[in-house]
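Participant: Handing you a structure now.
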Amino acid sequence: MNTKAASVAAATENSKVTRSLRWSLAGMTALVTGGTRGIGYAVVEELAELGAAVHTCSRNQEELNRRLQEWSTKGFNVTGSVCDASCHPQRQQLLEKVSSIFNGKLNILINNVGTNIFKPTIEYTSEEYSTLMATNFESCFHFCQLAHPLLKASGVGSIVFMSSVAGQVHVFSGSVYGATKGAINQLTKNLACEWAKDNIRVNSVAPWFIKTPLVESMLSDKHFLDRVISATPLERPGEANEVSSMVAFLCMHAASHITGQTIVVDGGFTVNGFP
């Protein structure tokens, strides 16, 4: 092979390697909160399968142990801690653990923890309001504060919030839940601008009804399911791995110019609305 041909071959091979790295999470580290069930579980598997070393958390030690064993059997590099994301001291302890495991650096933070209490607005108690705000919004805000030095130290940081279409349009999910998701969407914009100088990108993913334990009882009601389907152009609820694939994409080098966005994964619901 002559010098010119060798040079072309080397350039082609380097180009292939570059493309491969753009669509991989190999060598990256990630924290996924609430990763033992539902969308969080799918996100942990997606990131790990793409090569990331993942740490996750759950309030339930037994459930966490089962998942860790499952992921170990699959060959995934996943560790875990017990943490109640609504508890300030436990959030601090979790990030200390993550910093220790990943040597003070973190590439990816997935703020996935969330819950809901379905009620008319006038029926919420102050305790229920506080629970939703602490779990859905305060925990995300604090995790970002705690993770910032680790994300900055990594040189390439990415935060993805698990939002909801309820943060953009009215749906029957309750006013407090919608308010927490709307706040997350605005926090996404603010942090994307404020932390861009630290090479940290910030985005949100906003699903519609996804088949997870949180809404399983609702989707088992045929009348309710029919309403969801009638409002969704793709005529079905989503699957957890249809959300996790978007989350993973936003963490890749291939998405390196995407920040400050809230991307809906909703089968077309938000451009259709209820008939």
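Participant: Among residues other than residue 187 whose Cβ falls under 12 Å from its Cβ, what is the net charge (Lys/Arg +1, Asp/Glu -1)?
Facilitator: So the environment of residue 187 carries a net charge of 0.
Participant: Can you give the FRET efficiency for residue 211 and residue 128, using 1/(1 + (r/R0)^6), R0 = 22 Å, r = Cβ-Cβ distance, to the nearest 0.05? Don't skip to the end; give the middle numbers.
Facilitator: On the way: r = 25 Å, r/R0 = 1.15.
Here the calculated transfer efficiency is 0.30.
Participant: Another question, then. In the structure shown, do any of 105/211; 97/197; 181/211; 74/181; 119/181 have a Cα-Cα gap over 23 Å, and if so which?
Facilitator: Going by Cα-Cα distance, 105/211; 97/197; 74/181 fall outside the 23 Å limit.
Participant: So, one more: From Cα coordinates alone, what are the radius of gyration and Dmax values for the chain in angstrom?
Facilitator: Just the Cα atoms of the chain yield Rg and Dmax of 19.8, 79 Å.
Participant: Please report how far the C-alpha centroid of segment 204-275 lies from that of segment 41-56, rounded to the nearest whole angstrom.
Facilitator: 20 Å
Participant: Just going by the charge dipole of segment 174-275, with Lys and Arg at +1 and Asp and Glu at -1 on Cβ, which of 229, 215, 252 is farthest out on the positive end?
Facilitator: The listed residue farthest towards the positive side: 252.
Participant: If you count only protein heavy atoms and use a 1.4 Å probe, how large is the accessible surface of residue 22, to the nearest 10 Å²?
Facilitator: 90 Å²
Participant: Per the helix-only calculation at 222 nm, which mean residue ellipticity applies to the chain, given -39500 (n - 2.57) for every DSSP H run of n ≥ 4 and division by its residues, nearest 500 deg cm²/dmol?
Facilitator: Helix contribution divided over all residues of the chain: -14500 deg cm²/dmol.
Participant: Separation between the residue 93 and residue 223 pseudo-spin-labels, each 7 Å from Cα along Cα→Cβ, expressed in nm?
Facilitator: Computed distance between label sites residue 93 and residue 223 equals 4.5 nm.
Participant: Each label point is 7 Å from the Cα along the Cα-to-Cβ direction; what then is the distance between the points at residue 230 and residue 100, in nm?
Facilitator: Each label point is offset 7 Å from its Cα along the Cβ direction, giving 5.5 nm.
Participant: Given an 8 Å cut-off on Cα distances and at least 6 residues of separation, report the relative contact order of the chain as a percent.
Facilitator: 19 percent
Participant: Further, regarding this structure: Report, to the nearest whole %, how much of the accessible area of segment 151-275 belongs to carbon and sulfur atoms, 1.4 Å probe, protein only.
Facilitator: Carbon and sulfur together cover 55 percent of it.
Participant: Another question about this same structure. Under a Cβ-only charge scheme (Lys and Arg +1, Asp and Glu -1), can you give me the dipole magnitude of the chain about the Cα centre, in debye to the nearest 20?
Facilitator: My answer is approximately 840 debye.
Participant: Would you mind getting me the FRET efficiency between residue 253 and residue 170? Use the beta-carbon distance for r and R0 = 35 Å, nearest 0.05.
Facilitator: 0.45
Participant: Same structure again: Rounded to the nearest 0.05, what FRET efficiency do residue 152 and residue 61 have when you use their Cβ-Cβ distance and R0 = 30 Å?
Facilitator: For residue 152 and residue 61, the calculated efficiency is 0.40.
Participant: Choose one of 200, 175, 133: the residue whose Cα lies farthest towards the positive end of the charge dipole of segment 133-244 (beta-carbon charges +1 Lys, Arg; -1 Asp, Glu; about the Cα centre).
Facilitator: So the residue we want is 200.
Participant: Return the sequence-ordered ³J(HN,Hα) values of segment 44-49 in whole Hz as given by the Karplus equation 6.51 cos²θ - 1.76 cosθ + 1.60 applied to θ = phi - 60°, using x for Gly and Pro.
Facilitator: Here the 3J(HN,Hα) series is 4, 5, 5, 5, 5, 5 Hz.
The values are calculated or read from the model by the stated rules, or taken from the named source; none is laboratory data. Treat the numbers as computed from the prediction; the structure is a model and nothing was measured. As a convention, Cβ positions derive from the backbone with ideal geometry for all residues, glycine included, and neighbour counts pool all protein chains shown. Surface accessibility is based on the protein's heavy atoms, side chains included, excluding ligands, DNA and RNA. Shrake-Rupley method; radii C 1.70, N 1.55, O 1.52, S 1.80 Å.
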